[in-house]
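Below is one structure; the comments refer to it alone.
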Amino acid sequence: MGLNVPGLITLLGFYAVVLATGIWASRRAKAKVTTGTVTEVTLLGGRTIGMAVGIFTMTATWTGGGFILGVAETVYTPGKGLVWAMPLQFSVTFIIAGLVFAKPMRERKYVTMMDPFQIKYGKVVATLMIIPNIASEILYFGCVLLALGGTTSSVLDLPFVYSVVISAAVTIIYTLLGGFYSVAYTDVIQLVFIFAALWLLVPFIFLNPIPLDISVTALNHTYQPPWIGQIPTQDIGKWLDEFLVVSFGGLATQCLHQRILSSSSAARAQVTCFIAAVMIIILGVPSVLIGAVAASTDWNQTDYGAPSPYDRGEAYSILPICLQYLTPQFVSVIGIAAVAAAVMSSADSMLISATSMFSSNIYKNIRKQASDREMQWVIRISIVVVGVVGTALPFLTNSIIGLYILAADVAYCVIFPHLVCVVFCPVANGYGGAMGYFLGILLRCLCGEPTIGLPAAIHFPGGETVDGVYIQRAPVRTVAMLVTLICVLFFSYIFEQLFHRDVLPKRWDILKVSHVTTPPQRLEQASSDADGQMETMMSASDTGHLEWPQVEESTKL
């Protein structure tokens, strides 16, 4: 098959529309600098993101290529099926975010999700937490680019490397130009493309005479096991583990909290989360149906031929394969635009999220005197570096859902228990945080991870050896998460008592947990000189702890 020229033109046209929207949003961002610091406008849109745009950008962030192609891959894959797919888990993420995290995070006016870590743990320990969080965002970035590369190479016959590099370049450019404003407003365009295109695809796929009735193949073994799927008794622990990883791992990502913190109020942040919980289910239905059709198709009757995509190791591309072989050409082109929109709506979010944490929580702590101009250049360079590293990942693996689970794994096991502690547990301190961090990571590594070739040193009951690799069936990720949570609380309490009761000399208390401090109610930023240079309203004490002075209402941005 030769290069699909009409499809390529359509894809490039979509990129042009998105890039133009990003440029327009960058000009809007410059106009908003007068209402806040350059850095705050770049990272949070000046905290002026309205309800409608907030809902679009919140939903689009999670409706990425990994989501669209990953759900279809899971539903189609024999031995998995609908019961292992993820739309419900993402809905749970938004509901919990709205009920539990949105109000305290937004009311305290943090700049990033990592601000409460610095308050509770101190700068040094908090920096340790930032590293895996940035790694998680980069993994997500690579995942969505892998989704686009597989789609365009299948449908357009465009080389994989070209599609990945071009998509990454466009995303990096408009994120560089306008920061969070460009990300939020391009998300509006992208989500409209995703919704319209995916629901347009479904009727054409169902009109194809080759696939059988999916209501029959849902429960009957025809060409492969029923696509509804099942959870064998021995896999209940593994299923529960993956459900919790996706549901709660998403709560520990900067891209989620960045949208919460950019809302114009805490109430709007909560409503945004609740509406996104419904929209993510609606947007997941087409992928479920396409995966079901793929499982109901005798591929030998199509131009694809035998063996099936699963037997060829191409289950990760099942959605683009369906587009190419089960729909007319013009429909498959529209599908490409939908996947491209999904990829870019998530990829730009990962870029700005990782950049926010590095610039605000690492660089700014090292150079407190950094001007807005300097911070702007740090943000730009960070966007490029993160983009380049993330672009390399799709060439290292071919499993979309595997890369997605690995990214959520990092957030769930390492970051989530600490987030709960620093936001809701007064006893948490830097000593407990450090102990929980190292012991939790150690336990998770000892449990093994086949996705990255890490062997299991600890064999939990119920597992089995497959091709020389021990496969865990117990909920090992949840075990690691709970161990981390318990260690944080236990060691925090122990060290606090040791210093409080003078069992250990207070001069050894390098993190100053013996000094009772009041958690901040908000984190404000303001310009402190005529040049508009940013100074965060927190001062570092000699001990490395952060002090949070009260700010009058008139200084709010």
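The residue pairs whose first member lies in the range 306-325 and is among the polar types (S, T, N, Q), whose second member is modelled with pLDDT of 85 or more and part of a helix (DSSP H, G or I), and whose beta carbons are closer than 6 Å, counting only pairs six or more residues apart or on different chains, are S308/W299.
A single entry from E464, E449 fulfils the requirement of being in contact with an Asp or Glu (Cβ under 8 Å, 6 or more places away or on another chain) and charged (D, E, K, R): E449.
Tell me yes or no: at least one residue of the range 254-266 is open to solvent by less than 50 Å² (accessible area, probe 1.4 Å) and under 27 Å from L82 (Cα atoms). Yes, the range 254-266 contains at least one residue that is open to solvent by less than 50 Å² (accessible area, probe 1.4 Å) and under 27 Å from L82 (Cα atoms). For the range 402-504, the helices (runs of 4 or more DSSP H) that sit wholly inside it and include 3 or more residues that are β-branched (V, I, T) and in contact with a Phe, Trp or Tyr (Cβ under 8 Å, 6 or more places away or on another chain) are 476-500. Look at (1) among the small types (G, A, S); (2) crowded, with 24+ Cβ neighbours inside 10 Å; (3) over 23 Å from the mean Cα position of the chain (by Cα) and you find that A218 fails only one, number (2).
Checked against (1) in contact with a Phe, Trp or Tyr (Cβ under 9 Å, 6 or more places away or on another chain); (2) of a type in the set (G, A, S); (3) crowded, with 24+ Cβ neighbours inside 10 Å, S308 passes all but a single condition, namely (3).
Cβ-Cβ distances below 9 Å connect the following pairs, each with a first residue in the range 371-384 that is under 17 Å from A347 (Cβ atoms), a second residue that is of a type in the set (G, A, S) and part of a helix (DSSP H, G or I), and a separation of six or more residues or different chains: I379/G179; I379/S356; I379/S359; S382/A354; S382/S356; S382/S359; I383/G179; I383/A354. Scanning the range 27-44 for residues that are buried (at least 24 other Cβ atoms within 10 Å of the Cβ) and either assigned to a loop (DSSP other than H, G, I, E, B) or modelled with pLDDT of 70 or more (or both) turns up L43, L44. Of the numbered criteria (1) open to solvent by 20 Å² or more (accessible area, probe 1.4 Å); (2) farther than 29 Å from F330 by Cα; (3) assigned to a helix (DSSP H, G or I); (4) not charged (D, E, K, R), the one F206 fails is (2). On the given criteria, is K120 among the charged types (D, E, K, R), touching a residue at least 40 places away in the same chain (Cβ under 8 Å) and either under 18 Å from C255 (Cα atoms) or outside any helix (DSSP H, G or I) (or both)? No, not satisfied. Of all residues in the range 102-129, those satisfying the criterion of being within 19 Å of G46 (Cβ to Cβ), at pLDDT below 90 and of a type in the set (A, V, I, L, M) are V111, M113. Selection of the range 69-114 for residues being among the basic types (K, R) and part of a helix (DSSP H, G or I) yields K103, R106. Every condition in (1) at pLDDT below 80; (2) part of a loop (DSSP other than H, G, I, E, B); (3) hydroxyl-bearing (S, T, Y) holds for Y316 except the one numbered (2). Pairs linking a residue in the range 85-102 that is under 25 Å from G229 (Cβ atoms) to a residue that is among the aromatic types (F, W, Y), with Cβ atoms under 6 Å and 6 or more positions apart or on different chains, are Q89/F243; F90/W62. Could you check, for the range 240-252, whether at least one of its residues is aromatic (F, W, Y), touching a Pro at 6+ places or on another chain (Cβ under 8 Å) and either under 27 Å from L323 (Cβ atoms) or surrounded by 19 or more Cβ atoms within 10 Å (Cβ to Cβ) (or both)? Taking every residue of the range 240-252 in turn, none turns out to be aromatic (F, W, Y), touching a Pro at 6+ places or on another chain (Cβ under 8 Å) and either under 27 Å from L323 (Cβ atoms) or surrounded by 19 or more Cβ atoms within 10 Å (Cβ to Cβ) (or both).
Consider the range 1-26 and keep the residues that are open to solvent by 70 Å² or more (accessible area, probe 1.4 Å) and either of a type in the set (G, A, S) or over 27 Å from the mean Cα position of the chain (by Cα) (or both). The one that is modelled with the lowest pLDDT is M1. Given the condition without any contact (Cβ under 8 Å) to a residue 40 or more places away in the chain and open to solvent by 10 Å² or more (accessible area, probe 1.4 Å), answer yes or no: does some residue in the range 331-338 qualify? Scanning the range 331-338, I find no residue that is without any contact (Cβ under 8 Å) to a residue 40 or more places away in the chain and open to solvent by 10 Å² or more (accessible area, probe 1.4 Å), so the answer is no. The one condition from (1) out of contact with any helix residue (DSSP H, G or I) (no Cβ under 6 Å at 6 or more places or on another chain); (2) open to solvent by less than 70 Å² (accessible area, probe 1.4 Å); (3) touching a residue at least 24 places away in the same chain (Cβ under 8 Å); (4) not hydrophobic (A, V, I, L, M, F, W, C) that Y223 does not meet is (2).
Considering the range 177-200, and only residues there that are at pLDDT below 75 and more than 20 Å from the chain's Cα centre (by Cα), the residue that is surrounded by the most Cβ atoms within 10 Å (Cβ to Cβ) turns out to be G178.
Note on the range 425-461: among residues that are without any contact (Cβ under 8 Å) to a residue 24 or more places away in the chain and among the aromatic types (F, W, Y), the one that is farthest from R106 (Cα to Cα) is F460.
Can you spot a residue in the range 474-484 that is surrounded by 15 or more Cβ atoms within 10 Å (Cβ to Cβ), more than 30 Å from G430 (Cβ to Cβ) and either β-branched (V, I, T) or without any contact (Cβ under 8 Å) to a residue 12 or more places away in the chain (or both)? No, the conditions are met nowhere in the range 474-484. Against the test of being in contact with a helix residue (DSSP H, G or I) (Cβ under 7 Å, 6 or more places away or on another chain) and either closer than 22 Å to L156 by Cα or surrounded by fewer than 24 Cβ atoms within 10 Å (Cβ to Cβ) (or both), the options S296, S353, S360, S349 yield a single qualifying residue, S296.
The values are calculated or read from the model by the stated rules, or taken from the named source; none is laboratory data. Model, not experiment: these values are computed from the prediction. Quick reminder, even Gly has a Cβ in these numbers, built from the backbone with ideal geometry, and neighbours come from all protein chains shown. For the accessible areas, the whole protein counts, side chains as well, though only heavy atoms, and no ligand, DNA or RNA atoms are used. Shrake-Rupley method; radii C 1.70, N 1.55, O 1.52, S 1.80 Å.
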